[in-house]
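*Asks:* One structure follows; several queries about it will come next.
Every read-out reported here was derived from the displayed coordinates using simple, explicitly stated rules and does not represent laboratory data. Because the structure is predicted, anything quoted here is derived from the model rather than measured. Here Cβ is always computed from backbone atoms with ideal geometry, including for glycine, and neighbour counts include all displayed protein chains.
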Amino acid sequence: MKTLFRILIVLLFCIALIYFFTSDSSYELKPLEGPNSKSTVIPKTEIPKGDEDASPRPESGVSTYIHQDDDKLLKDFGKPDRIDQSAFGYEWWVYNRDPKSFAMFGVEGGKITQVYATGKAVDVAPYKIGQSLDDIYRMTIVNPEITVKIGDNVYTFALTEYDMNSRILVKFDGVFAQLYIDQFTDSLIGIRFMDGETLVKHRPYEMTFVGDLIRVPNLNSYTIQQSNEGYSKQLFDLVNVFRSNENVPPLIWDEVAGVAAMKHSEEMYTEKYLSHDSPNYGSLKDRLAHYSVTYDEVGENLATAYFDAIEAAHGWFNSEEHRRLMLNDKFTHVGSGVFINYYTQIFLNKP
């Protein structure tokens, strides 16, 4: 009887081991490639005929800060909670003290060149965060082609059907707006106002141009490192704003997971692959074991070919499986890592 009992104990132990090593306690989703990953920039010799109508520029809201001095930003909003370097030469002034008022202002040469907002309390006139797509189409001139004139140069952006329903581009007098639509609720979840030069630098859609192409300034290795770190922090900010909007508890930053995420993004960039499995460090579980990260459950989102963290975060949020991971209330901690245009975000349920 004792022998039988011992055999039973051994069998149960073996089953437990098999379950531990084969159970799916990790979520590894198909990596995303940005919608502009295959976009082209085509020079032309003929200036486009005609021009689409521009809507009157809003007289209130955060878009009115475009072209103004950063002193006005300090006067109205106070010192930013953080200043991040971008990969385009400008700085991001981040105001993240409250998810409901989350906003980031792009500042270059002492001038405000763009603003992004996703906090529900931010005045994004003429729109509102949470506004329905139908309502937006009723009040907005939406064109599949938008032209930007800077001096003697003309740039034309062509929007795809996907863009027209998820990343709408709107032309106002002197200002452009990108409307980020939540495709699962058909509502506005974020908005970016910017000047024409910033839009051309970003090239978020297929673009043709007549004249000279605006070049992004060459950044040294230190500035690139700073922009990578800034985008990593922004991914953390954005996932918590999205969770707040859905009444899901915020995630806690995990420094070690952040390092693991950054290293994976760097390796994907240098070795030109896009996968959860590293050719040098193995699977997600193996990679985290290398850094002695402990957890009960783990998940990972990967992306590439998005021009900044805002675009990557909205790309994930509009993908059903990636969105589910971002809003999973089982997860307690998160670490993000960005290298150039490779994005990694690791979610942990820590014991």
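*Asks:* Would you mind checking the pairs Lys30/Lys233; Lys171/Lys272; Lys233/Lys263; Lys272/Lys350 and listing those with alpha carbons more than 26 angstrom apart? Write down the numbers at each step before the final one.
*Replies:* On the way: Lys30/Lys233 23 Å; Lys171/Lys272 37 Å; Lys233/Lys263 15 Å; Lys272/Lys350 31 Å.
Correct reply: Lys171/Lys272; Lys272/Lys350.
*Asks:* Per q in 0.10, 0.15 1/Å, what log10 I(q)/I(0) does a Debye calculation on the alpha-carbon atoms of the chain return?
*Replies:* The calculated log intensity ratios at q = 0.10, 0.15 Å⁻¹ are -0.63, -1.33.
*Asks:* Quickly rank 188-201, 318-331 as a protection proxy: mean count of other C-beta atoms within 10 Å, highest first.
*Replies:* Values: 188-201: 22.9, 318-331: 17.2.
Highest mean packing first, the order is 188-201, 318-331.
*Asks:* Under 8 Å for C-alpha pairs, at least 6 residues apart: give me the relative contact order for the chain, rounded to a whole percent.
*Replies:* On the way: 671 pairs, mean separation 71.8, N = 351.
Relative contact order here is 20 percent.
*Asks:* Could you please state, rounded to a whole Å, how far the C-alpha centre of region 261-336 is from the C-alpha centre of region 63-103?
*Replies:* Centre-to-centre distance over Cα atoms comes out at 27 Å.
*Asks:* Where does region 41-210 land on Rg/Rh, using Cα atoms and the Kirkwood Rh?
*Replies:* Numbers: Rg = 15.9 Å, Rh = 16.6 Å.
My calculation of the ratio gives 0.96.
*Asks:* Can you say what percent of the DSSP beta bridges in the chain, counting only those with both residues inside, are antiparallel? Round to 5. Mind showing how you got there, number by number?
*Replies:* Details: 61 of 72 bridges.
Once the DSSP bridges in the chain are tallied, antiparallel ones form about 85 percent.
*Asks:* Next up: What would the Debye formula give as log10 I(q)/I(0) at q = 0.20, 0.24 Å⁻¹ for the alpha-carbon point model of region 192-293, no solvent?
*Replies:* The Debye formula, applied to the Cα set alone, gives -1.18, -1.26.
*Asks:* Under the rule of -39500 (n - 2.57) per DSSP H run of 4 or more residues, summed and divided by the residues of the chain, what mean residue ellipticity at 222 nm is obtained, to the nearest 500 deg cm²/dmol?
*Replies:* -10000 deg cm²/dmol
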